[in-house]
Amino acid sequence: MQLRQWQSECVNRALKHFHANQRHFLCLATPGAGKTIMAAEVAARLFEQDLIDFVLCFSPSVNILQGIQKTFSLRLECRFDGVIGSVGCSYTYQGMLSFKEDFWQLLKRNRVLVIFDEIHHCSGSTLEDANAWGEEILLNIQDQAQYTLALTGTPWRSDQAPIVLSRYLDPDNQIQCDYVYGLKEAVKDGVCRNPKIVLIDNEELLVTNQDNEIQTFNSFDALFKGSSISYQSVIKNDLAIHHVLNLAIDKLESIRQLNPSAAGLVVASSIEHAFYILKTLKDTFQQTATIVTYQEVTPSDTINKFRHDDSQWIVSVGMISEGTDIPRLQVCCHLSRVKTELYFRQLLGRILRITEDIDQQAWLFIFAEPKLVEFAHRIELELPESHVVIRESKPSRGMELTTSTYEKESCLLPNQSRCFTLDIGDIFEKKQASSLPNRTIKDVQFTTSNLSIEILGRFREKVISTFDSPF
C-alpha cells in the first residue's frame, strides 16, 4: 500500500516507540485520514522484524470490524479471521466480554500486538473507574500484550472519564498523544475534504402555553433560552425537517452532477423519527433512500449495500456515527437529539474521506442550537474537552452497548420533546416558509406537554467555512 506522509511518519514513530521498550502507543488522527491503513502497516513491519506472532484488533461495531479485517488481510497477504493459518483476527469490544480465560492465554503465550480502534469507547485508569470494556483491557491486555496501538479521532469522552491505556498530565489532566494528525493538517495535505457547516435559524417563532399566552422569539437561541421548548421539538417538526432536507437535497444534487454516486446521510433521533424522514425523502422529494437502525438483525448488510450502490440517501439511528467508511457520503443532516461535541465531530467525520471523484465538497447541516453552534465554530481545536474526571464509583456493566456508545445515547436518553402542533395550511395562510414543498403531508405529533410552537418566519442560513484562512 502507498502510504500518505502522515501515515509513514506515524508508523516510524510507533516503531521507534516500541523499540524503546514503550509498549503502549496512542495515535490521534482525524476521522477519514486512514488510521486503519497506518495500523496495518505497523503490524506488517513488526512481523517483518520478527517482533510479534499475532495481531488482535478491537473496534466498536461489526461494520468497522469487517473493514479492519479486509484492510489487514490485504496488507499482510494472509487470512485475518482467526482460523488456522491466519495471523490475526478482528473483534468488537462487545465480543470481548464473552472471551474465556483460554482466549486470553493467547497473549500470555505469544507476542501479540493489540490494536484498538476508537479507543475512547473504553474508559478506566484503574479497575475502580473502568467501564466493562476498559476493565477487560486492564485485566487481560495491558500487562500481557507485547504492544498496543490505540487509535482515535476524538480522544476524549463525553462523561469526562479517562481513556484506558492513556497518559494524562497534571494538573489539568490533559491527554498525551504519541502522534497527532489533525483535521487542519489533513485538509491542507488533501487527505480530507474541507467541510462547510450550515447553521439553520428562523426569524419568527411563536410559543403558546396552556393559558394561550404567546411568546415570540427571533432565533432558536432565544427560543431555547427563553422558553421550555426543547431542541428535540425543532428536529421533530415537519416544517423544520422539510427545510433542512430541501437544502441538503439541493446541495447533493449539485454535487451529483459531477459525482453521480455521491450520497447523503441523515442522522435521526429515534426509530419513529427516522421512518418519518425516510417517508419524506421518498414521497415528498422523490429521493432514493434507505434506512439503518440499531434494531436491525444485520445492519452491516444494509450499510455495505448502500456503500456500493448509487442511491441518494441513508437515514440512520445510531449506526453511522463513527468509524463507518462510506466514502461517497458528502452531505450530512444532524437531526439527532445527541448534542455532545464528541458525537458532532464523529458525524462530521463521515463526510470527510477523500475519493477520486471530481467534486470533493462536504456539507454538514445543523440547526442553530447554541451548543452545536459552539462546536461548529471551534472545529479547528483538536482537544476541546481534554480534561478528565477520575470517578470513585464504578459504572454498571449493564450500561454497556452491543455496538457503540452513541447508540446508547440516541436510544436511552429521556424523551424531553414537547408538543409541537403545526398545521401546514394555517402556516401558508400566515406566512409562507421559503422551502416548504407544495405537497402537504400529515403532521407527526410528538406530544408530552401543553406547549405548542409555530414557525412563522423565514429560515436563514449561515455557512461556516473551515480552514479557509491562509494564516
Test for Leu138: is it modelled with pLDDT of 95 or more and assigned to a helix (DSSP H, G or I): yes
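Among residues belonging to the stretch 163-183 that are outside any strand (DSSP E or B) and either of a type in the set (Phe, Trp, Tyr) or on the phi > 0 side of the Ramachandran plot (or both), point out the one that is surrounded by the fewest Cβ atoms within 10 Å (Cβ to Cβ). Break it down stepwise before answering.
Kept after step one, since they are outside any strand (DSSP E or B), are these residues of the stretch 163-183: 164-166, 170-173, 177-178, 182-183.
Going one step further and asking which of them are either of a type in the set (Phe, Trp, Tyr) or on the phi > 0 side of the Ramachandran plot (or both), we end up with 165, 173.
Working: Leu165: 24, Asn173: 14.
Once the filter is applied, the top-ranked residue is Asn173.
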Filter result (under 25 Å from the mean Cα position of the chain (by Cα) and among the hydrophobic types (A, V, I, L, M, F, W, C)) within the stretch 43-68: Leu56, Cys57, Phe58, Val62, Ile64, Leu65, Ile68
Residue within the stretch 17-27 that is touching a residue at least 12 places away in the same chain (Cβ under 8 Å), in contact with a Lys or Arg (Cβ under 7 Å, 6 or more places away or on another chain) and over 22 Å from Glu136 (Cα atoms) present: no
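For Arg157, are the conditions met, namely being surrounded by fewer than 23 Cβ atoms within 10 Å (Cβ to Cβ), assigned by TED's automatic domain parsing to the domain that holds Gly32, in contact (Cβ under 8 Å) with a residue 24 or more places away in the chain and within 20 Å of Leu342 (Cβ to Cβ)? Lay out the reasoning, then the answer.
Values: surrounded by fewer than 23 Cβ atoms within 10 Å (Cβ to Cβ): yes; assigned by TED's automatic domain parsing to the domain that holds Gly32: yes; in contact (Cβ under 8 Å) with a residue 24 or more places away in the chain: yes; within 20 Å of Leu342 (Cβ to Cβ): yes.
So Arg157 passes the test.
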Test: residue in the stretch 28-48 that is in the same structural domain as Arg167 (by TED's automatic domain parsing), in contact with a strand residue (DSSP E or B) (Cβ under 7 Å, 6 or more places away or on another chain) and surrounded by fewer than 20 Cβ atoms within 10 Å (Cβ to Cβ): no
Selection status of Thr284, at negative phi and touching an Asp or Glu at 6+ places or on another chain (Cβ under 9 Å): no
Residues of the stretch 256-287 satisfying the condition of being among the β-branched types (Val, Ile, Thr) and crowded, with 21+ Cβ neighbours inside 10 Å: Val266, Val267, Ile277, Thr280
Cβ-Cβ under 9 Å pairs, at least 6 apart or on other chains, the stretch 121-149 side at positive phi, far side not in a loop (DSSP other than H, G, I, E, B): Gly124/Trp133; Gly124/Gly134; Gly124/Glu135; Gly124/Ile137; Gly124/Leu138; Gly124/Ile163
Criterion (hydrophobic (A, V, I, L, M, F, W, C), within 16 Å of Arg111 (Cβ to Cβ) and not in a helix (DSSP H, G or I)) met by exactly one of Leu28, Leu56, Leu15: Leu56
Qualifying positions in the stretch 26-52 - out of contact with any helix residue (DSSP H, G or I) (no Cβ under 8 Å at 6 or more places or on another chain) and among the acidic types (Asp, Glu): Glu48, Asp50
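Output the residue which, of all residues in the stretch 66-88 that are farther than 17 Å from Glu41 by Cα and out of contact with any Cys (no Cβ under 8 Å at 6 or more places or on another chain), is surrounded by the most Cβ atoms within 10 Å (Cβ to Cβ). Lay out the reasoning, then the answer.
Applying the first criterion (farther than 17 Å from Glu41 by Cα) to the stretch 66-88 yields 66, 81-85.
Restricting the remaining residues to those that are out of contact with any Cys (no Cβ under 8 Å at 6 or more places or on another chain) gives 66, 83-84.
Details: Gln66: 16, Val83: 8, Ile84: 5.
Selected residue: Gln66.
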Output for the stretch 89-112, where each listed residue is in a strand (DSSP E or B) and surrounded by 24 or more Cβ atoms within 10 Å (Cβ to Cβ): Ser90
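Residue by residue through the stretch 123-158, note down the ones that are of a type in the set (Asp, Glu) and in contact with a Leu (Cβ under 8 Å, 6 or more places away or on another chain). Outline the logic, then answer.
Start the filter on the stretch 123-158 by keeping residues that are of a type in the set (Asp, Glu), which leaves 128-129, 135-136, 143.
Within the stretch 123-158, Glu135, Glu136 meet the criteria.
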1 or more residues of a type in the set (Asp, Glu) and touching a residue at least 60 places away in the same chain (Cβ under 8 Å): qualifying helices (runs of 4 or more DSSP H) within the stretch 184-293: 220-226, 238-256, 271-279
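The values are calculated or read from the model by the stated rules, or taken from the named source; none is laboratory data. These figures come from a predicted structure and were not determined experimentally. Methodologically, a virtual Cβ is constructed for each residue, glycine included, from the backbone with ideal geometry; neighbour enumeration extends over all protein chains shown.
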